[in-house]
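The values are calculated or read from the model by the stated rules, or taken from the named source; none is laboratory data. Values in this document were obtained by computation on a predicted structure and should not be read as measured data. Positions of Cβ are generated from backbone atoms using ideal geometry, with glycine treated the same way; all protein chains shown enter the neighbour counts.
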Amino acid sequence: MLIEVSALALAACFCACNRTNQKTAGPPVKITVAYATLPETALAQVAQSRGYYREEGLEATAHLLPYGKLALKEVLEGKADFATVAETPVMFAIMKGEAISIIATIHTSSLGHAILARRDRGILTIGDLKGKRIAVTLGTTSHFFLDAMLGINGISRKGVLIADVKADEIPDALTHGDIDAVSTFNPYVDLTKKKLGNRVITFQSKDIYRYTFNVVATQEFIRKNPGKVRKMLHALVKAEDFVRNSPVAAQKIVSDFSGIEIAMVRDIWATASFQVILDQSLILGLEDESRWAISSGLTGARKVPNYLDYIYLDGLKSVKPDAVRILR
Amino acid sequence: MQIKRRLQINVAISLLTAIVICLVLLLSLYRLKKANNSAKIAGDIITDSLESVILRNDYIRNDNERAKEQWFTKNEQISKFLKLALENFRNAKDRKNIAGFIEDQESIGIIFSAIVANREKSGLNAGSGDLSHEVEERLLSQLDMRVYEVAIHGRKLLESSREARYSALRLVVGGVIASFLFIIALAAVNSWAMGRAITDRVTRLRDGASMIGGGDLDHRIEIKGDDEFAELSQAFNTMTAKLRATYDDLANEIQERRLTEETLRESEQNYHQLNETLEQRITKAVHELRDKDRMLIIQGRQAVMGEMISNISHQWRQPLNMLGLLAQELQATYKHGMFSTEYVDTNVKKTMELIQHMSKTIDDFRNFFKSDKERVRFRVLEVIEKTMSLLEGGFKAHGIRSEIKETGDPSINGYPNEFAQVLLNIVSNAREALLAAKVEDPTITIRLYTEGDKAVVTISDNAGGIPEDIIEKIFEPYFTTKGPEKGTGIGLYMSKTIIENNMGGSLTARNTGGGAEFRIEV
């Protein structure tokens, strides 16, 4: 009996060891990932830094970009296989007719966007924004956030002057230009605050906007490379485990990867959820933003798309079934 | 440790395990109850959240004031449940989930308030006014997102409750199984240890017993521990030591006995040698005695012959006197001329008769002393009469009366001449006693009769008997009361030898009223 127990224990150990050190047979498969170097893409950064892609048999080439819209552009232009991007650029691309699909949401947060206004321009309440010139990166989450904040506070879209400014130029735009206020996302919120100090007033709300960061690929790529997608997702799930279990180490990785100060990363971390999921809120958000884009005339489309056609469920279902909360 | 103590520890551990199982069960019941409470709270929250969605829809669709009030009440109730949940769910993950839930619930309240405010501010119903409508749409989308989040939070709470219940059940099952495994493991270890201890000890005892049984009484069983086996081993060693001492004593005793036996054997050998020497000496002595006996018998016979010669002389005296008288009468007759042929014939006839009588007397004595060659059957009375006839002359000369009283005529197997010599000895002794006693009417009486299949002859006299102090010695050789000139002391000894050794009978003597009586029984 002792021998049997020992044999079982050895067999179990052998299996466990095999599972732990499991390597995908064959040479690594090349992929290109366009990263928005933002804390929101922490899972993708951790997967890259900790070699989880490699473990899954992927040789990942990173394209680092300041924000998600540009990363998505890389995918749309065929320069990258995957992009990490918030839902708003994705919504615009789909409304524009791009055949892309969201593979997974890797970040969710209700905080991270803000309207920063210069006090010296007489802006002390959000109502003071009426008639002011507000810089925003059009087609991004900051654009949607700005519109929501204004609408909630009874300011019509036409009641302000909108200037399209690249996200990484937002802090300088508020400092030097004739811009009265900016609507942006992290880390540019913190960079702007840091740059202007007490000269800015911040308007934020966690109740009017829930945004996500997602991994996106073209539908053609997904159709042709379901294995790469699964491997990508496996690597992201590993990263999720690491982030949950070793948040400090993960923050360090993100800080190093994206070049953002660790303290800033920690602040963002506190209000964010880093989980690989596909839930119904994503669709709700996309639809909401689609209606906003239509009503704002930001898109030529007149109809909210059926986003079920733009979310690839099978990949995550095969990797992390419980995380898929979208019915189809 | 003593086996008894080990068993006591086993019992104590079993009791302790039972207590642990009870505690685990109680703890599990407590956790189960708490998990059920948590599940109920989670269920209430989910139900309330669903009801709040219905109320919200009712409000949005109908602009129903009642629905708005109920929604706020429901929202407040959900907040209370969430606070209650925060007290019940102690797990960090759950608390984080509840914190997110509360946050989303607060957002829901804020967004719904914003929707209400948007409607009241615009003074229009939903759908009137582009901005208000757009704002409401957006807020409703955000609200739905939060509701969805809340649903997920609620689901997580339910899962957590279910997990807590499973955990409680696992605790029960695991605790009981672990306790049993612990008991089994402990029992196994204890049994193994006890078995090993007992086996070792029993083996030591067995080996020790085997060695001691094999004769090694100096072997001592190794004593380990302080249990009953140690005591048994100690007792065994003590027993072995005593056995050793006993064995040594026995060995010494055996040695002593061996020495004694050797001594005895030597003594026996000496004894045998001595015995052989003694036998040789006895044989020699017997031979010597037999030689002496022969000499004695010869002497006795010679004495008897002397006696017989005396008797012959008595027997011959009468006829010799008669012959003398016949010779003198022949001379006188011749002188007186009365000598005639008839007279001579008569005288010669008488002389010849006397001579023949004397010749017959000689023949009788010669036959008397003729040795018997072999056993023959003879009439006892005939031998008695013949013997008494030989002694008749001597008796008459001394005035001794003899009489034979026979009853029947028994015959016996034996040696008649030797039997006659015995009678002659006894009767001669009686005559001597009678002569010495000088009694009036000296009489010798011989009785013959039969007792059973035996012939009995008694010779009695009236000479006063044998003195009691010598009556036991009269048959011993060389014992005589007559003095060396008259007796040899051989007669009665020789007679007893003849009757008892040669003829298988018995010869005894006793005193009767007036004299001695000798009894021959053959």
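Cβ separations smaller than 8 Å between residues 6+ apart or across chains give the following pairs from segment A:303-321 residues that are without any contact (Cβ under 8 Å) to a residue 12 or more places away in the chain to residues that are buried (at least 16 other Cβ atoms within 10 Å of the Cβ) and assigned to a helix (DSSP H, G or I): A:Lys303/A:Ile294.
Residues that are within 30 Å of B:Trp192 (Cβ to Cβ), without any contact (Cβ under 8 Å) to a residue 24 or more places away in the chain and part of a helix (DSSP H, G or I) occur at least once in segment B:20-36.
Just one of (1) over 30 Å from B:Leu181 (Cβ atoms); (2) at pLDDT below 85 trips up B:Thr17, so point out which. Every condition holds for B:Thr17 apart from (1). When you look at B:Phe101, is it under 30 Å from B:Leu7 (Cβ atoms) and either more than 13 Å from every other protein chain (Cβ to nearest Cβ) or buried (at least 20 other Cβ atoms within 10 Å of the Cβ) (or both), yes or no? No; evaluated as a whole, the condition is false for this residue. If you go through segment A:142-159 and keep only what is surrounded by 24 or more Cβ atoms within 10 Å (Cβ to Cβ) and of a type in the set (S, T, N, Q), you end up with just A:Ser142.
Checking the conditions here, which among A:Ala250, A:Ala235 is under 22 Å from A:Glu74 (Cα atoms), assigned to a helix (DSSP H, G or I) and either within 17 Å of the chain's Cα centre (by Cα) or hydroxyl-bearing (Ser, Thr, Tyr) (or both)? Exactly one residue qualifies, and that residue is A:Ala235.
Among the residues of segment B:71-96, just one is within 11 Å of another protein chain (Cβ to nearest Cβ) and either closer than 30 Å to B:Leu131 by Cβ or in contact (Cβ under 8 Å) with a residue 24 or more places away in the chain (or both), namely B:Lys93.
In this entry, B:Asp144 is excluded by the filter for residues that are at the interface with another protein chain (Cβ under 9 Å from one of its Cβ atoms) and modelled with pLDDT under 80. Within segment B:118-133, residues that are surrounded by 13 or more Cβ atoms within 10 Å (Cβ to Cβ) sit with their Cβ atoms under 8 Å from residues that are part of a loop (DSSP other than H, G, I, E, B) and at pLDDT 60 or above, at 6+ positions apart or across chains, in these pairs: B:Arg119/B:Asp63; B:Lys121/A:Gly154; B:Ser122/B:Gly129; B:Asn125/B:Asp63; B:Ala126/B:Asp63; B:Leu131/A:Gly154; B:Leu131/A:Ser156. What do you reckon, is B:Val147 farther than 13 Å from B:Ser38 by Cβ and touching a residue at least 60 places away in the same chain (Cβ under 8 Å)? Here the answer is yes, as B:Val147 does meet what is asked. The criterion of at least 1 residues that are within 14 Å of chain B (Cβ to nearest Cβ) and in contact with a Ser or Thr (Cβ under 7 Å, 6 or more places away or on another chain) is met, among helices (runs of 4 or more DSSP H) falling completely within segment A:112-216, by A:141-152. Within the option set A:Ile123, A:Ile115, A:Ile106, being in contact (Cβ under 8 Å) with a residue 12 or more places away in the chain and surrounded by fewer than 24 Cβ atoms within 10 Å (Cβ to Cβ) holds for one residue only, A:Ile123. Answer yes or no as to whether B:Ser132 is out of contact with any strand residue (DSSP E or B) (no Cβ under 9 Å at 6 or more places or on another chain), of a type in the set (Gly, Ala, Ser) and within 14 Å of chain A (Cβ to nearest Cβ). In short, yes.
In segment B:182-194 there is no residue matching the filter, namely being modelled with pLDDT of 75 or more, more than 30 Å from A:Ser290 (Cβ to Cβ), more than 14 Å from every other protein chain (Cβ to nearest Cβ) and over 60 Å from the mean Cα position of the chain (by Cα). Screening segment A:274-328 for residues that are hydroxyl-bearing (Ser, Thr, Tyr), within 14 Å of chain B (Cβ to nearest Cβ) and over 16 Å from the mean Cα position of the chain (by Cα) and picking the one that is nearest to A:Val46 (Cα to Cα) gives A:Tyr307. Screening the candidates B:Ile183, B:Ile152 for the property of being surrounded by 16 or more Cβ atoms within 10 Å (Cβ to Cβ), of a type outside the set (Phe, Trp, Tyr) and farther than 30 Å from B:Leu7 by Cα yields one hit, B:Ile152.
Against the test of being more than 60 Å from the chain's Cα centre (by Cα) and hydrophobic (A, V, I, L, M, F, W, C), the options B:Ile470, B:Ile446 yield a single qualifying residue, B:Ile446.
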